[in-house]
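The values are calculated or read from the model by the stated rules, or taken from the named source; none is laboratory data. Because the structure is predicted, anything quoted here is derived from the model rather than measured. Note that each Cβ is placed from the backbone with ideal geometry, even for glycine, and that neighbours are counted across all protein chains shown. For the accessible areas, the whole protein counts, side chains as well, though only heavy atoms, and no ligand, DNA or RNA atoms are used. Shrake-Rupley method; radii C 1.70, N 1.55, O 1.52, S 1.80 Å.
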Amino acid sequence: AQARAAAYLDKLNAEQRQAVETLDGPVLMLAGAGTGKTSALTARIAHLIHTGRAQPNEILAVTFTNKAAREMKERVGRHLGGAIEGMPWLGTFHSVCVKLLRRHAELVGLKSNFTILDTDDQIRLLKQLISAANIDEKRWPARQLAGLIDGWKNRALTPEKVSGRETAAFNNRGSELYAAYQDRLKTLNAVDFGDLLLHMVTIFQTHADVLAQYQRWFRYILVDEYQDTNVAQYMWLRLLAQGHKNICCVGDDDQSIYGWRGAEVGNILKFEKDFPGAAVIRLEQNYRSTEHILAAASGLITANEGRLGKELWTEARGGEKVRLIGHWDGEEEARWIGEELEALQRGTRGNPPVSLNDQAILVRASHQMRAFEDRFLTIGLPYRVIGGPRFYERLEIRDAMAYFRLVVSPDDDLAFERVINTPKRGLGDKAQQRIQVAARENGLSLLDGARMLIAEGTLSGKAAGQLRLFVENIGRWHEEIVQASPATATTRAEDDDLLIEPAEDGVAPANDQSHVRLAERILEESGYVEMWQNDKTPEAPGRLENLKELVKALEQFDNLQGFLEHVALIMDNDKSETEDKVSIMTLHAAKGLEFPVVFLPGWEDGLFPSQRSMDESGLKGLEEERRLAYVGITRAEELCTISFAGNRRVYGQWQSQMPSRFIDELPVRHVDVLTPPGLYGGGMNGGGFSAGGFGGSTAMDDRVARADVYNSPGWKRLQSAQSRPVSQPREVRRMAVDAQGESDYEIGDRVFHKKFGYGEVMGTEGDKLIVEFDKAGEKRLLAGFVVPAAE
Ligand code: ATP
Ligand code: MG
């Protein structure tokens, strides 16, 4: 019997309510962006708790980012009037699996205090293995092997399970090296990201009792962004869901953007087969975006084939069209966006002021961020970078983390190698080699190997004293951690009772901050801080600042181990900051989020869509890029601005850019083309011409043509005013192909193609042009892929 009516239900529409109230059996919610999938999922959790169907810790809920998990937890709390005890099993796949694996590590030959390696460590380890196997690392790079192994792990393939043609990978040594790598990880008491799921799947498959225990325990399973699960995650879910079969997945096939990382959009399509009798719920009303934004996104995505196809509508009529603007170069783009952000913040566009918190810049590739960071630092515009590992990727941070790791897990050899001679202790290659040999011959960790050498007194001179000090320090710091919290430093036996107790983040022990002081001391006493204080390079002060930042970040955690785990899982560390800031993040990191104002810079072929997706044969990569564009536009609630630059500096070289082909795919009725500012800049909207007219060119279908941007008076004016050589075509005619698939090129027209260069139109074939390229010879391609050549 249901308890008193709950307010969280009132806010939902009929379909959402169905998704919330269908508690028994499998449920699939399949719907487009902004239709309230995540909202419904959150209400469902509240409902489960409210109706007493499950205790908070009997609910397994998987989100895509840690940030999303945090928000969901907060919202469930609000729905229930703040009366929520910990939800230990609400998190990302990785964070949930870390917890599970710590409990059962010994079943896969690990100790419960295992380290999680980052990509750098992984690569370093693979390099060692490749060279030990006498393979030429130049021809067979470690990164490639890392990619292969990740791919296998995403598909839940252990080394023995790699089969068929794949065994020939990496010069026929792929699976062998994979096996060696897994062995080595075990020796190091370490795992990589992929292992978190792989090990759990293995444990569930080989220990029926453990699986059964969790199948019983997790009464309800909920998964957000189901379209982006990979095979390993899918297997893990299926195994767990076979208990109560109360699994509710939500997703959108149009937002599947992790195919490159092994996600299988097919998982969502198979759901009904996997879980017979599933209730399938579709949502069609979009509550996020205004009409034009939604229509622009919907129009764009129709260019993809093989979609399920969904109707979306919104009550939010009117609003501004999606704005499109071309800039001279990347710096100009950053400058303009900076001005826009401030104008919107101050309300000088005749708009109600928009807080910087409500504005976001979403980029395709993280290297695009730098131009914005530089510009915003110059003008003093506060910003935050979200979701990225950027801060934690910095050299000094990685060094500091290696110290922490070694102190937490003394047999973390990779951390040992990283810090043994940083700062310089006179322990060069030769001394390190002796430690390596001693460790290997005696089956010890490097730290213990070093201890042995000291005890034997085989090292001499200054190095010996330094090594002794280093080893003693690490030992002393490690003892402090063991004293503070014995459970984190010793192997914990499997214990069923653990499940019943409020888990780690249920009621947290009082945070005494001793780990923060310890961290500070580690950095001081190891000489690491001093090393940067003595450093005379211009970066040194910034590095010291970063180290302070790092220690500050620790305050939010109960201990060092918890912190290391979170960093390994790429937490963003700025949740406590209160100042208004514009957010900068990648499109991938923006999934599931929403902002009133969104800027989408860098819509240029080769950048977005990425060069890689364009070079690929077939449309798979390109379609994934298009879904990413769809995700980008649909993050915007009220104002969405797409921009591109005509020139970009790539590795110090100026390169001219073609506007993105996705721009051609935007429905014209919903787009406003703005005049580029530049020297005679009309500024915002000044001279911007409305859709449909397009400066004299006749729109043959309802698509925006990139050429129209170039044809705009503002762009031409800008070009003639610039002194830098212009490699964009000066005379550009309409390049789109009309509905019948006929282009308006004539035989003999000169054209330019990004990859093939210049050529001459020889004729047409169906919807393709036949072009004889000067260098590349004859090709057949869609007219949209070439532009008329400059005279
Ligand atoms: P995405 O596909 O981007 O993840 P989503 O389907 O998960 O989107 P939500 O983020 O849950 O959508 O919701 C989008 C917006 O709509 C949010 O601001 C949310 O508060 C609002 N919303 C959801 N459901 C309703 C509703 N029934 N009435 C009014 N607003 C709603
Ligand atoms: Mg969502």
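Just so you know, in region 588-604 the residues that are open to solvent by 10 Å² or more (accessible area, probe 1.4 Å) and out of contact with any Asp or Glu (no Cβ under 7 Å at 6 or more places or on another chain) include one that is nearest to ligand 2 (Cβ to nearest atom), and it is Leu593.
Could you say which residue among Ile135, Ile84, Ile130 is open to solvent by 10 Å² or more (accessible area, probe 1.4 Å), of a type in the set (Val, Ile, Thr) and assigned by TED's automatic domain parsing to the domain that holds Ala168?
Details: Ile84 fails: assigned by TED's automatic domain parsing to the domain that holds Ala168; Ile130 fails: open to solvent by 10 Å² or more (accessible area, probe 1.4 Å).
Testing whether each residue is open to solvent by 10 Å² or more (accessible area, probe 1.4 Å), of a type in the set (Val, Ile, Thr) and assigned by TED's automatic domain parsing to the domain that holds Ala168 leaves just Ile135.
Filtering region 600-631 down to residues that are assigned to a helix (DSSP H, G or I) and under 15 Å from His670 (Cβ atoms), which residue is nearest to ligand 1 (Cβ to nearest atom)? Explain how you work it out, then say what you get.
Of region 600-631, the ones assigned to a helix (DSSP H, G or I) are 611-615, 620-631.
Of the ones still in play, those that are also under 15 Å from His670 (Cβ atoms) are 629-630.
Values: Ala629: 14, Tyr630: 10 Å.
Checked region 600-631; the qualifying residue nearest to ligand 1 (Cβ to nearest atom) is Tyr630.
Step by step: first the residues of region 271-289, then only those that are in a strand (DSSP E or B) and surrounded by fewer than 16 Cβ atoms within 10 Å (Cβ to Cβ), then the one that is farthest from ligand 2 (Cβ to nearest atom). Which residue is that?
Taking region 271-289 as the starting set, the residues that turn out to be in a strand (DSSP E or B) are 279-283, 285.
Going one step further and asking which of them are surrounded by fewer than 16 Cβ atoms within 10 Å (Cβ to Cβ), we end up with 280, 282.
Numbers: Val280: 18, Arg282: 15 Å.
Per the stated criteria, the residue is Val280.
Cβ-Cβ contacts under 8 Å between residues 6 or more apart (or on different chains), taken from a first residue in region 457-473 that is polar (S, T, N, Q) to a second residue that is outside any helix (DSSP H, G or I), are listed as Gln466/Arg425; Gln466/Gly426; Gln466/Leu427; Asn473/Ser526. Considering region 1-103, the qualifying helices (runs of 4 or more DSSP H), each wholly inside and each with 1 or more residues that are within 16 Å of ligand 2 (Cβ to nearest atom), within 30 Å of the chain's Cα centre (by Cα) and of a type in the set (S, T, N, Q), run over 14-21, 37-50, 66-79. Going through Arg53, Arg44 one at a time, which residue ends up being basic (Lys, Arg) and more than 15 Å from ligand 1 (Cβ to nearest atom)? Unique residue meeting the criteria: Arg53. Considering only residues of region 241-254 that are touching a residue at least 60 places away in the same chain (Cβ under 8 Å) and open to solvent by 10 Å² or more (accessible area, probe 1.4 Å), which is farthest from Ala54 (Cα to Cα)? So, considering only residues that are touching a residue at least 60 places away in the same chain (Cβ under 8 Å) and open to solvent by 10 Å² or more (accessible area, probe 1.4 Å), the one farthest from Ala54 (Cα to Cα) is Asp253. Counting only helices (runs of 4 or more DSSP H) that fall entirely inside region 373-466 and contain at least 1 residues that are open to solvent by less than 10 Å² (accessible area, probe 1.4 Å), the qualifying elements are 395-408, 413-419, 429-442, 446-456.
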